[in-house]
Structure formats: C-alpha cells, structure tokens
Amino acid sequence: MSVRLYVLLLLLCFGKNAQAQQKPKILHINGAVKDTNGIFLDSAIIFTTKDTALSDTAGKYKINVTSGDSVFIAKKGYYTNGYIPQSEHATILMVAAPPPEIESDSLNIRGLVRDTSHQPIANALVYTFGDSTHTDSSGLFRINIKKGDTVFVASDKHNSLFYVPRSDTSSLVLTPKRVRKDITLVSPSDTTSKKSNFGEDNLEDVVVVGYGTQNRKDLTSAVATIKSKELINRPTTNLIGSLQGLSPGLIVNRSSGQPGKEGFTLQTRGYTSVNGGNLLGLVDGVNGDITTVNPYDIESVTVLKDASAAAIYGARAAGGVVLVTTKRGKRGFHVNYNTMIGVQKSVKRPDRIHSWQEAELANEASINAGQNQIYTDQQINWMKDPNTNYQISATDPSNYDYYYDMNQIPLMVKNSAMASTHNLSFSGGTNKDNYYFSLGYYDQDGLFKVGENSTNRVNLRFNYNHELNNIFDITSKIAYRKTYTTSPSYGGDGIFDYLYSSPTRFPIYVPNTENYIFNQSANYAYPYLKDGGATDNKFEELTTMFQLRAKDFIPGVMLRAVYGGRYTIEGNEIVKRTVSLYNITENVGFLNNPNSYEKDRNLTYSNNIQLLADYDKKIYKHSFHVLGGYAFENYSQNNTVAIARNLSSNDLFTLNIGDPSQATNSEDIQEWAMSSFFGRFEYNYNSKYLFQATVRADGNSRLDPNNRWKTFPSFSVGWRLAQESWFQKALPIFNEFKIRASWGRLGNSDGVNGVISNYDYFSMLVNGEYYPFNNNRTPSYYQQILPTLNKTWEIVDTKDIGIDVGMLKNRLTFTADYYVRNNDNMLMTPAYPAFMGITPSSSNKGKFQTKGWEFAIGWKDNIGQEFSYWVNANISNNTNKVIAYGGAKAVQAGQNYIIEGQPINTIWGFKAQGLFQTAAEVASSPLFRTTTGPGDIKYEDIDGNGSITVGNSRLGSSGDLVKLGDTYPHYIYGFSFGANYKGFDFSAMFQGVGKRVFMPSINDLYAYSSSSVMPLDYSLDYWTANNKDARFPRMYLNGTQNTVSSSYWLMNGAYLRLKNVQLGYTLPNSWLAKYKVQSLRIFFTGQDLWTKSNLWIKSLDPETAAGNPWRYPLMKNYSFGINLNF
C-alpha cells in the first residue's frame, strides 16, 4: 500500500501562560518547523486569520497572532490541526502517519483558486485530513476529501480560513492585507466541472516565450504551444516529423524515406523571401538544432509566429521561431521506460512489367518515330520463353545478348524493415533541487537487402537545478547525441533510379558465373549495393546550458546569467570500390574506375552568452513586467575534405595509398559573431487591457562596420472582452474572448545564406586553374564577386490581427489569425552580361509579400465519470508574390522560380485539349512540333497566331504559355480526435493539403521519351487506334512534342493522410501496486498508414511526387510499445 505523509502538530511551549485580558494580546511568534528526524523544513506555510508566513531554509518563521486565535501550518505531503499558541516561541514537529482509508462517500474535488478579480492564485497549498496538493499556474487543483472534512487553503501571499464543503459548489474567503480573496471549489458531480474544463490542457497555461514565460491569457501575439504528450509514442525519426499537422501555419516537408536522410524542412507561415527564410530553433533558450532533441525529453514546443512574439530575436527571426523546452525533475524519485518496436513498409511504389512488354512498346515507339523496330519477333519470343535467357551475340561472339524476364527489385528491396525506439529516464527532486537524466536509443533499418543502409542514434541528457539559498539558484542542462548513418556510395535515390530505369531483360551476373555483366543499358544497382562501397556518416553533438539566477533580492527583480554552447563533429567516409564487369570470357569494363576514398571532417562550435534582468510590479489592478538583456553569440566552422583516387588496394581504403597526382583536398573556414541588446515591456490592467512592446538591436560581423547595427521593434495590444462585466452578462457562455493586434519588424539574416556571406565587404580571392609558368605548375587566384559596403539584412514587417475564444467552460476553444508580411528590401542579384567577367554583388532592392490566415478549433468533454473525449482541427493558407526583382519577367515552359508579380515557383505551360485522334485533326490544327501525329497532345492556340509557341518568353508576351498554378501547398490542415474509457485510450490524427499542383518530371514518367525511360505498370494505358480514351499519349521514341510542360501532365497534389493512430490500455493501479509500478500502458501506434489523393498515377506519393519520382520511398510504420513508470 502506498504511503502518504500526514502531519501531527506537536507544540513545545516555553514561558508563562498568557493571562486572559479584556483586550486581545498580539503575540509575535518566532518559531521553527522540523520533522521527526530533526531536519528543519523550508517552504512550510504558516497562517492565521490575519497574517501569513513562510518558513525559510532553516525552517524558521515569524508571524503575528492574536491571543486566542488558531495558527495553521501547511506543507505538501503533511497535515496539521490548528493550534492556539501560548507563547512567542514554538517548534512544530512534523510526523509521518499512515494514511486513512478513503471511504465510499469521499469526493474527488476539482477546484479553482482565484481572487476577487478572478485572477488565479498559483502554488497555493490545498490540503485535507487525507490528501494535499498545490494549485498549478492557473489556480487549478484536484484533491480527495471525505464529506464533512475540512479543506484548508494557504498561500504565502494570502491569509486563509478553513472551510467544510457541504455542497457541490462552495466558496472560501481569504483575507489578505487589503483585498478580499475567494476560493471556489467545484465537485465532479457539478455538470460544469467536467474533466474537459479542468483537464491537463487547462492546467498548463504558462507559455514559454522569448527569454521568459507568460500566462496564456496575457498573450497578445500569435503563439502556438504543442505539449509533450502530442509528440511521444509516435514512430517518427525526429522531432520535426512529429510536428506535422499539429499547428496551423507550421509547414513540414520531407523529400525521402531513406534512413537518416529524410530531408525534413520546417517553415512557419510560408515564404519570407526568394532567398529563403530559415526557422530559428532554440532549445532551452539557446540556439540549437531542434531535430537532434529526443522527443521524450521535451516538455513543450512553442511556435512564435508573428513579429510581436519573435521580435525579441531580431535579425534571425523573420522565418519564425520554435522554442523547445526540455523536462525537469519532479519531487520524489521516478523511473520511466518507453519503448516502441515496429515494422516499416514503403508507402507507394510502381511495378515493373515483363521484359517482352517493354520490348513490344519499344518497337511501337520506334516505329511511331519513323525508325526501325528495335527487337525482332524472335527476340521477343526468347524473352517470353523462361528456358531461353541469353544467346551468343551474332555481332560479337565474346558477348551474350540477354533475353531474361528479371524484375530485380524483389532481389534488392525488402517488403519491410525494422525500427525501434528505447528511452529510459530517471528524475527526482526535493524542495532544494531537482534532476532529470535520460538515455534514448533509436535504430532504423533500410529497405535494401544487400549493402549498407541503416541509421541509429543515441541521446543522453542531464538537467539539474539547485537552489543555493533564498536568492540564488543554478541550472545546468547538458545533452549529447551521436548518430551513425550508412548508405550506398551511389546514393539511395540512385539505386532506385537504376531499379526503375533499366530494362528487365538483363541479369546481374554473366550466366554460370559470379561475374557482373557488362552492358551500357544493364541494371547496376546490385553491384553498386554489394561491392561498390558505402558512405558512412558519423555525427556527434554536445550542447550545454548553464544559468545562474538571482530572484527577489529586491522585490520583483530577477537577474539571470546564461551560457549556452554547442559543439559538433561530423565525419563522412565515402568509399567507392572499383567493380569489374565482364563479357563471356574476360573483364571488359568497370564501375567506380578509378576507386576513391573521401574523408570529410566538419567541426563547428558556437557560444551564446545572455545577461537578463526582469522586473515585476503590481500596483492595485495594474501589472507591469520589464525585461532587459544583452546577448553575444559567435559561430565557427572548419570543414576539411581530402580525396584519394586510384588507390593501390581495392580493399584497404586510406588516404596514404592513393595516386598523389590525382589527390585533392580543401579546407573551408567560416566565422561570424553577433551582439544584441533587447528589451520587452508588458502591461495589463486587471488582466483585461493588454499591451506589449519589444525592441532589439543587433550588430553582426557579416556586415560592413559602418552598416552593421539594425533595430527591430514591435508592438501588440489585446482586449479580453470576456472579463468585462457587460460582456459576461450579455454572453455568459464565453470564458475567454480576446482580440489582439500586432505589428513588428524582423530581420532575415539566417535565411539569406549564399546571398550574404561572412565576408562580403572584402575583396575576396578564390582558387582558379593551374597554369604552366617557367616550366612549373602555377596556381591562379581571381576575384569572383564584387564587394559591397551597403548591403544589409532583409527587413520584414509583419501585421497580425487575431482572436482567442473559450466557450462553455472552455470545453470549446478556437483561435484565428490574419497576417500580412512585407519584405521591402529583399536582396537580389542583378542580371549581368557574361563578358563582364565578375559577378556583381546582391543589393537590397527587391520586394516580396506574403498574406495568410490560420484557424484552429478544439472541443473536449466528459460523458459521465468514465468517458472523456476530444476533437481538434486546424487549417491555414497563405499566398505570396514577388513584387519587385529587377524587372525579372522571363517566362519559360515549366517551373519558374522568380517572375515579378507572381508567386514563387509558378508553373507555366501550354493548355492541353486532349489527344489528337485523327490525321485530319492534326492537319487542321496549330502544332508545337512537325512530328505531331494522332495520339499526341493537342495544345490550344491562345494567341491565335496559328502555331504553338512561347512567344517572346516574357510576362505578357509568352505566346501560348499560360500560368497553370504554383507549387506551394494551400489549405494545409490537420485534425485529430481521441477518447479515454476505463483505462483504454484511442487517438487518431489526419493531416493533408487542400490544394496543390505540381509538374512531375515528364521525362521520367513518359515511357521512351528517351531510350533510358522504361515503361512501368501505369504506362500500359497509352493511346492506340484501339485505345483512344487513354491516359498517356502514343509511344514515341525521343519525341519532344509530348514532353513540353502542359496542363496535360499537371497533377493535383491535394491529399489526406492518416498521420498517426494509437490504441492503448493502461493497467489498473490495483494490479501494479504490489510490484511498486506507478503505471503501465501498452499500445499500438501507426504512422502514415493511409493516404487518399487525386494523383492520376496512384503509385506516386503526393508529398514527394515533384521531380524525379523514383527516389527512396516514404515509409509507413506499424509499432507496438510500452510506457512503464515507477
């Protein structure tokens, strides 16, 4: 049976008894609190009807008591009766006692502690004869009480009485020095106090913001918070993968399913600039890579979306800010073990067709192109005959002609691969310190059956906080990560390209040997995988955060000194082993010739120093908070690459045995530093009228010293209408109704890499070619780019208006925002003639705009005492426009990155009108190519000039080219729902895109657009005289009349995906108590299990279909797991 601590108050009195007098006597009590072991207890609350005290680190306290009045002592885990002191000296002894039995008529009270201004009282102690707890930051608590027992409420800032609840809803009056305070206790039997009102989501209303925290109710900015429970137990490879679909305006993309090389990107509210707009990630307030953080170590993730929230980070915040806060220890000792073991399967892949089908289609394509057929009927029959796989070549007796029907994909690609996650953590603490230690391990196998293809990761973290005394405390957070990823030296995407683009008539080996065949069209995926070498990537990272804090040495003042460091070592070893290829009798060719060994070392370190001062002041109903700070950050990178070629051994790879004349090496050193001054002022009146102003000045070494400093201000206001009495009377269903507006200015320094380098204001020389001079090989150097002194960061102004609403006791909540983001000094590189001989520097003359909106809604409730459920949904959309970019008006068929007046990445092409059906129709129609015939794509003559052309390839004069759309995803949405019932829990999350178009790589989809593009299963639906309603044009070898960009090939990239589903069961505590197990949950979880899209090639995946479609596929995951807590 578990043991709770209760308090028996033993009073040792010294001195004479007080004499009864007509006028009450005031006793000035000097006391101490200690336990039965003689250890003095701090943070005990001592209170009477008129005064309150808090015991210090020595257990001592002082309090004034009216003679005859009771004194109460409160400390979590202890219980006390009131006592009447008889002298001014008292020692209170705290004694452990066995807990009383909880009777059947007991209540599990959920309550709210608030003052008469309806403001929550945080960290107040609530206790009874059988239980005790503290209110959270929202003033909420939960406690067990037997009917008729006394409930005590105490706070170090408020006096308190006790109360015996007699009904479902009760109130208790606290009397502080000047203002009356009240406590409202709400019983579970009250229909307005269901779990949905006082659930965990409502308890956690403190939001992490830049350099501090704020109450959610006081926010005037667009901020989203994602809790730990939404991130864990999901079989994703990193944190970014877990964030997809959880917050409106947070856009997650990935390009591959290859282990360790998924290519995740994270973006908030769309594009900031044509030069990019990197999101700034901070871990525990220090710059870092958020993908490296173990999701099980995370307490919360905060997304700062608008300028008023992000302006405190100045020049680096235009792309948005994500703040990751890691866990800290809790009182007691806790052990947690979480594991998932699962199976991965590729999401979508096309199928190969038979070799004789490829040959028949090749013949048809060749004949349609006016050429001879490629394969004879005899050769096709050999392909159909499983007993005739090869023949000695009639033109070269030393070679075979191959006629296999061999789909090599099953030989090299597994149907499934394993993935597992293990996380073990130890945490604990006392009233003086706390600690959190965790060890995580992730392992993922790849799809290839042979060769190297896997990744694994180890995470270590130790967080520690210690209170030195009443003023000073220290915090340290240290994390280490090591990742090892191995892949084919030819690349995972390259292997899949071979598997889908090589004819299936070729085997792997020369028949009756283990020699790889030699043929220019052969499939070399297997020799590259098995013997061609591998790429090994090792990455190690150490991050540290140390903080010294001083608080309340002056009332309301807090000082912090913070140091953050990040150190990384990345090593790549790329082995390319020479592979011999054979004809019937001898070695006639090679892969990877000569062999090579490349060794890369990339070392980085960064230091971050912060000096921060906070001041809080409350004057009646006016609350003020001021933050001031200084920050310094520097970054250094040293990248060294050495390559040895033509090594004397094909088995031993070292730089020492390569051919010196073919060896190359390089070194790249990059450094920068930034100093910053910043401040924030917050004001609210009675938590109704809110105002915040922020300013930051950044100076960066990347800019010329005379143009180095820039200032980034922001302002925001909010009005909580639900706190107005007239609003409450008119619309009592609203618990929160806040409107807010903001304006701010941010810098885009992190998003312009390549446009602003570290040394642009210098005349820099780069290596050129070697030239013979005086019979010597002499290096040359030249100036590549003109320097510039007036270049500066892009400055982005953002306006935002939003609304936050809570209704029906906060069971229904929603938030909405509309924003406009203007980049009026975007960097651009002007066009220049080739004869200039030097690249001009970029300048701040471009303009760019993004407009968008986002909306999120949630509902949570209980049905009875056993069943709870919740539903959440979000959607967002934005559009962008390049307003000015040096007159960039050129338009070409296909995807255009920059055109003035258009969004980024617009798609232009001809407007298709189906397929030509007859020769007469071809003869009477304008044509793009003279090779056009029946079965080819028919294009609309937009400009009416009688031919299909691109005109002058300029906006407004683009001939028959029309804008087909842009590649950016629109109406990005996510919705989730879940329920809990008697230990069972279920949740599901869907994520998708409502509108998106993209142009696939036509030359990779359309069979025989070149001789290396093989037909796949979907290619069989092509035009013939007997199949005029086909999806693909007629087969045509090397033809261009069908491969130009047009609406015929445009694909609808909208999709809906079941992102995650979980089904779990938590065993009853009564089953676990004797094993000292706090909780045990077993569960199933799946990731990316189902997808619905309108792609007309169903084997494409809507997330990765643009570009070459035959890359390493995305993976879906089926896992079982355990959450075990001691």
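The values are calculated or read from the model by the stated rules, or taken from the named source; none is laboratory data. Quick caveat: nothing in here was measured; it's all calculated off a predicted structure. Cβ coordinates were reconstructed from backbone atoms using ideal geometry, including for glycine residues, and neighbour counts include every protein chain displayed.
So the values come out like this:
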| quantity | calculated |
| --- | --- |
| Qualifying residue in region 700-708 (condition: part of a strand (DSSP E or B), crowded, with 16+ Cβ neighbours inside 10 Å, of a type outside the set (Lys, Arg) and on the phi < 0 side of the Ramachandran plot) | yes |
| Residue match in region 677-698 (condition: in contact (Cβ under 8 Å) with a residue 60 or more places away in the chain and within 30 Å of Glu598 (Cα to Cα)) | no |
| Residue in region 1088-1097 that is over 30 Å from Lys261 (Cα atoms) and modelled with pLDDT of 90 or more present | no |
| Counted residues, region 523-540 - those being out of contact with any Leu (no Cβ under 8 Å at 6 or more places or on another chain) and either outside any helix (DSSP H, G or I) or charged (D, E, K, R) (or both) | 10 |
| Filter result for Asn822 (surrounded by 15 or more Cβ atoms within 10 Å (Cβ to Cβ), touching a strand residue (DSSP E or B) at 6+ places or on another chain (Cβ under 9 Å), touching a residue at least 12 places away in the same chain (Cβ under 8 Å) and closer than 28 Å to Pro969 by Cβ) | yes |
| Unmet requirement for Asp800, which otherwise passes all of (1) surrounded by 14 or more Cβ atoms within 10 Å (Cβ to Cβ); (2) more than 30 Å from Ile857 (Cα to Cα) | (2) |
| Tally of residues being out of contact with any Pro (no Cβ under 8 Å at 6 or more places or on another chain), β-branched (Val, Ile, Thr) and farther than 18 Å from Phe546 by Cα across region 441-483 | 3 |
| Pick from region 323-370, criterion assigned to a helix (DSSP H, G or I) and of a type in the set (D, E, K, R), ranking: nearest to the chain's Cα centre (by Cα) | Glu358 |
| Region 250-271, subset among the hydroxyl-bearing types (Ser, Thr, Tyr) and in contact with a Lys or Arg (Cβ under 7 Å, 6 or more places away or on another chain), residue farthest from Ala419 (Cα to Cα) | Thr268 |
| Number of positions in region 786-812 that are among the polar types (S, T, N, Q) and over 29 Å from Gly846 (Cα atoms) | 1 |
| Residue, surrounded by the most Cβ atoms within 10 Å (Cβ to Cβ), within region 608-625, restricted to residues that are hydroxyl-bearing (Ser, Thr, Tyr) and closer than 16 Å to Gln214 by Cα | Ser623 |
| Residue check for Ala631: over 28 Å from the mean Cα position of the chain (by Cα), surrounded by 14 or more Cβ atoms within 10 Å (Cβ to Cβ) and closer than 30 Å to Asp289 by Cβ | no |
| Among the candidates Leu424, Leu447, residue that is within 30 Å of Asp536 (Cα to Cα) and either among the hydroxyl-bearing types (Ser, Thr, Tyr) or surrounded by fewer than 18 Cβ atoms within 10 Å (Cβ to Cβ) (or both) | Leu424 |
| Those residues of region 995-1037 which are out of contact with any strand residue (DSSP E or B) (no Cβ under 8 Å at 6 or more places or on another chain) and either closer than 26 Å to Val891 by Cβ or of a type in the set (Gly, Ala, Ser) (or both), in sequence order | Ile1002, Asn1003, Asp1004, Leu1005, Ser1009, Ser1010, Ser1011, Ser1012, Ala1025 |
| Gly1039 vs. criteria outside any helix (DSSP H, G or I) and farther than 30 Å from Glu940 by Cα | no |
| Subset of region 866-901 (residues that are assigned to a strand (DSSP E or B), among the hydroxyl-bearing types (Ser, Thr, Tyr) and crowded, with 19+ Cβ neighbours inside 10 Å) | Ser868, Ser876 |
| Sole exception among (1) surrounded by 17 or more Cβ atoms within 10 Å (Cβ to Cβ); (2) outside any strand (DSSP E or B) for Gln373, by number | (1) |
| Residue among Asp401, Asp433 that is over 28 Å from Val293 (Cα atoms) and either surrounded by fewer than 19 Cβ atoms within 10 Å (Cβ to Cβ) or modelled with pLDDT under 95 (or both) | Asp401 |
| Options Thr237, Thr220, Thr291: the member that is touching an Asp or Glu at 6+ places or on another chain (Cβ under 9 Å), hydroxyl-bearing (Ser, Thr, Tyr) and either closer than 25 Å to Asn336 by Cβ or part of a strand (DSSP E or B) (or both) | Thr237 |
| Filtered residues of region 825-849 (kept if among the aromatic types (Phe, Trp, Tyr), out of contact with any Pro (no Cβ under 6 Å at 6 or more places or on another chain) and surrounded by fewer than 19 Cβ atoms within 10 Å (Cβ to Cβ)) | Phe835 |
| Enumeration of residues in region 824-846 that are closer than 18 Å to Asn758 by Cβ and either charged (D, E, K, R) or in a loop (DSSP other than H, G, I, E, B) (or both) | Thr829, Ser841, Ser842 |
| Residues that are surrounded by 14 or more Cβ atoms within 10 Å (Cβ to Cβ) and not in a strand (DSSP E or B), drawn from region 636-654 | Asn646, Leu647, Asn650, Phe653 |
| Single residue of region 571-587 satisfying the filter (assigned to a strand (DSSP E or B) and touching a Ser or Thr at 6+ places or on another chain (Cβ under 8 Å)) that is nearest to Tyr480 (Cα to Cα) | Asn572 |
| Residue list for region 902-947, restricted to those being in a strand (DSSP E or B), surrounded by fewer than 16 Cβ atoms within 10 Å (Cβ to Cβ) and among the polar types (S, T, N, Q) | Gln913 |
| Evaluation of Trp1049 against (1) closer than 20 Å to Pro934 by Cα; (2) surrounded by fewer than 16 Cβ atoms within 10 Å (Cβ to Cβ); (3) in contact (Cβ under 8 Å) with a residue 24 or more places away in the chain; (4) out of contact with any Lys or Arg (no Cβ under 7 Å at 6 or more places or on another chain) (one fails), failing number | (2) |
| Residue check for Gly658: in contact with a helix residue (DSSP H, G or I) (Cβ under 9 Å, 6 or more places away or on another chain) and either at pLDDT below 95 or not aromatic (Phe, Trp, Tyr) (or both) | no |
| Per-region count, region 500-541, residues hydrophobic (A, V, I, L, M, F, W, C) and touching a Ser or Thr at 6+ places or on another chain (Cβ under 8 Å) | 5 |
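For every residue, the table says whether it meets (1) at pLDDT 85 or above; (2) of a type in the set (Phe, Trp, Tyr); (3) farther than 24 Å from Asn1060 by Cα; (4) touching a Phe, Trp or Tyr at 6+ places or on another chain (Cβ under 8 Å).
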| residue | (1), (2), (3), (4) |
| --- | --- |
| Ser187 | no, no, yes, no |
| Thr191 | no, no, yes, no |
| Lys195 | no, no, yes, no |
| Glu230 | yes, no, no, no |
| Pro248 | yes, no, no, yes |
| Gln258 | yes, no, no, yes |
| Asn275 | yes, no, yes, no |
| Asn278 | no, no, yes, no |
